[in-house]
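All remarks here apply to the structure that follows.
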Amino acid sequence: MQNLIITKLADLQAGDRILSWDGRPYRPARVVAQRLGYIGAGSVQGVRLVNPHPTSDVEHVLYPAQMDGRRLEVERP
């Protein structure tokens, strides 16, 4: 496994585990389900994450406008 520092969501790949965001750890780590792409009708793009709470219907999405430029520590298989 490789540990990387990523600052653009476009660099994430499906299966990547996000360990921390700007030095704040994610517990549990967030897993990328779908790389950057359109998330519905229209032009909105985002990175879909696996919901860490399988019984919840909440969809977890990261958006480039909010996350690009932030430091993500990522574990890549």
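Across the stretch 27-61, what is the total count of residues that are over 19 Å from Gly15 (Cα atoms) and crowded, with 16+ Cβ neighbours inside 10 Å? Looking only at that region, the number is 0.
Restricting attention to the stretch 23-43, the residues that are without any contact (Cβ under 8 Å) to a residue 12 or more places away in the chain and in a strand (DSSP E or B) total 6.
Of all the residues in the stretch 62-77, those that are more than 17 Å from Val50 (Cβ to Cβ), among the acidic types (Asp, Glu) and either surrounded by fewer than 18 Cβ atoms within 10 Å (Cβ to Cβ) or at pLDDT below 95 (or both) number 1. Counting the residues of the stretch 44-77 that are part of a loop (DSSP other than H, G, I, E, B) and touching a strand residue (DSSP E or B) at 6+ places or on another chain (Cβ under 9 Å) gives 9.
The values are calculated or read from the model by the stated rules, or taken from the named source; none is laboratory data. All figures in this text were calculated on a predicted structure; none of them were measured in a lab. In this analysis, Cβ positions are derived from the backbone assuming ideal geometry, glycine residues included, and neighbour counts consider all displayed protein chains.
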